[in-house]
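As structure tokens, the structure follows; a few thoughts come after it.
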Amino acid sequence: REGGCRGSHNRERFDVARKQGKRVCIDLSFDDMMTEKEVKSLVIQLGHAYGTNRKSTRPLDLYMTSLEKRAAAGLGKISGFENWRCECKAEHYSEVFPKENLVYLTSESPNTLQELSGEEVYVIGGIVDHNRLKGLTHGKAQELGLRTARLPLDGNVDLGENRKVLTVNHVFTILL
């Protein structure tokens, strides 16, 4: 075998599977609202989400939007980031996808997500705030007139007594 054949085949197979998967977008438009430490934590979470997706036999079609500033710089420091098999866009998700296809995932939503649809794009707020900015993603979604949904955690996932906030990679893994 020539060097790189197996890896190339695996990348092609992953790309085909990814494009058949449900679309998930991580909204990175909160860069200015986070501390340096929170942005670094977000970058680590994005790496975990990507790694989990890459290992999945049924990967999601991952998009990262509003990728600029500190988050872009942090991801750029990850060895091999330029080869990640996902869509990285500087544009806001509302410029990438039709509004009617967007569903913003937020714990404040009155609607519970029952199953993923191939027509929808599920948006995860790319924010690490330790509940400092509670309600921010829900408010933004309402402001833009987007549909919202929350994950069906009650009775399905034990988050402990006090923890109701999930990390970006945990939300991604639940969707996966």
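The values are calculated or read from the model by the stated rules, or taken from the named source; none is laboratory data. Remember, predicted model here, so these are calculated numbers, not experimental data. Positions of Cβ are backbone-derived with ideal geometry, glycine not excepted, and every protein chain shown enters the neighbour counts. For accessibility, only protein heavy atoms count, side chains too; no ligands or nucleic acids. Shrake-Rupley method; radii C 1.70, N 1.55, O 1.52, S 1.80 Å.
Considering every Cα-Cα pair within segment 1-124, what fraction, in whole percent, is farther apart than 22 Å? Value for segment 1-124 (Cα pairs over 22 Å): 41 percent.
Contact order, relative form, for the chain: 29 percent (alpha carbon pairs under 8 Å, 6 or more residues apart, mean separation divided by residue count). Surface exposure of the chain, expressed per residue as accessible area with a 1.4 Å probe, stands at 57 Å². In terms of accessible area, using a 1.4 Å probe and ignoring ligands and nucleic acids, Ile26, Ile127, Ile174 rank largest first as Ile174, Ile127, Ile26.
Counting charges near Thr65 (Lys, Arg +1; Asp, Glu -1) among other residues having Cβ under 9 Å from its Cβ returns a value of -3. Here the chain has 47 percent of its accessible surface on carbon and sulfur atoms, given a 1.4 Å probe and all protein chains in place.
Placing +1 on the Cβ of every Lys and Arg and -1 on the Cβ of every Asp and Glu, with no other charges, gives segment 16-94 a dipole of roughly 520 debye about its Cα centre.
Sequence-distant contacts, meaning Cα pairs under 8 Å at least 6 residues apart, place the relative contact order of segment 27-87 at 48 percent.
Using a simple spin-label model with pseudo-atoms 7 Å out from Cα toward Cβ, His48 and Arg85 lie 2.3 nm apart. Rounded, prolate or oblate: which fits segment 33-96 when a ≥ b ≥ c are the square roots of the eigenvalues of the alpha-carbon gyration tensor, with rounded for a/c under 1.5 and prolate only if a/b beats b/c? The shape class here is oblate. The longest part of the chain holding none of the exposed loop trypsin sites (Lys or Arg not before Pro), meaning those outside H, G, I, E and B in DSSP with at most 10 other Cβ atoms within 10 Å, is 78-162.
Computed about the Cα centre, the dipole magnitude for the chain is approximately 620 debye when only Lys and Arg (+1) and Asp and Glu (-1) carry charge, each at its Cβ. Full extension of the chain between Thr35 and Lys69 yields a length gain of 11.0 nm, computed as 0.36 nm times the residue separation minus the alpha carbon distance.
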